[in-house]
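Contents: one structure, followed by commentary.
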Amino acid sequence: MAAQRHYEELARQLSAIGAVKRGLGRGLPHDCPAGSAAVLVLIDRHGEMRMSRLAELLAVDMSVTSRHVAHVAEKEWILRDPDPADKRSRILRLTPTGKAKVNELSDLSIRTLTHYLHDWSDDEVVQLSTLLARLRDSFGDCRAASARLPFEETTRTPA
């Protein structure tokens, strides 16, 4: 196990990740804010899905998800088709225009990273990617509202 001081430094570095995310966000096109970009990328990565699944993947509530979905649907980047299994629900899927937007977003992200990391070696970029993936895997699927840290005590009174 790493020393306490190493965890403290890691916590400081992770708190600064917001600056990196904002830098990447500045590279997004004006018609596709970060929330909309996240919707498109997740549907592209995971395939068609219900809005509830998208909300889970985004780790935001349904009202926020609905706003993002409304924006990308208005742009005709996704379709909201009735779910054959439950007519009250909608299945979200990318349109060809949406797929083109995902490709544009990917290209912009790569160009932005290339700009900021121009002095990094290929090995350094691969090492960072590997370690970030390992970090994410170590946290598992922590998106669920009921996810608790193993050392947390429950302070709620049972109903």
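No lab work stands behind these numbers, since they all come straight from the coordinates. Bear in mind the structure is a predicted one, so any value in this text is a computation, not a measurement. Glycine also receives a Cβ, built like all others from the backbone with ideal geometry; neighbour counts cover every protein chain displayed.
Centre-to-centre, using Cα atoms only, the range 100-142 and the range 31-48 are separated by 17 Å. Judged by the mean number of other Cβ atoms found within 10 Å, the most tightly packed of the peptides 41-50, 115-124 leads the ranking 41-50, 115-124. Counting every C-alpha pair in the range 1-51, the share spaced more than 18 angstrom apart comes to 55%. Adding -39500 (n - 2.57) for every DSSP H run of four residues or longer, then dividing by how many residues the chain holds, sets the calculated 222 nm ellipticity at -19000 deg cm²/dmol.
Any idea what diffusion coefficient the chain gets from Stokes-Einstein, in µm²/s, Kirkwood Rh on alpha carbon pairs, 37 °C, 0.692 mPa s? Using the Kirkwood radius from Cα pairs, D works out to 178 µm²/s. Packing, as the average of other Cβ atoms within 10 Å across residues, places the peptides 82-90, 69-77 in the order 69-77, 82-90, highest first.
Close amide H partners of Ser89, meaning residues 5 or more places away or on another chain with modelled amide H under 5 Å apart, are Asp83.
Karplus-based coupling profile of the range 29-40, in residue order and whole Hz: x, 4, 8, 9, x, 4, x, 5, 4, 4, 4, 4, with θ = phi - 60° in 6.51 cos²θ - 1.76 cosθ + 1.60 and x standing for Gly or Pro. The charge dipole of the chain, taken about the Cα centre with unit charges on the Cβ atoms of Lys, Arg (+1) and Asp, Glu (-1), comes to about 520 debye, rounded to the nearest 20.
In percent, rounded to a whole number, the relative contact order of the range 30-104 is 35, using alpha-carbon pairs under 8 Å and six or more apart.
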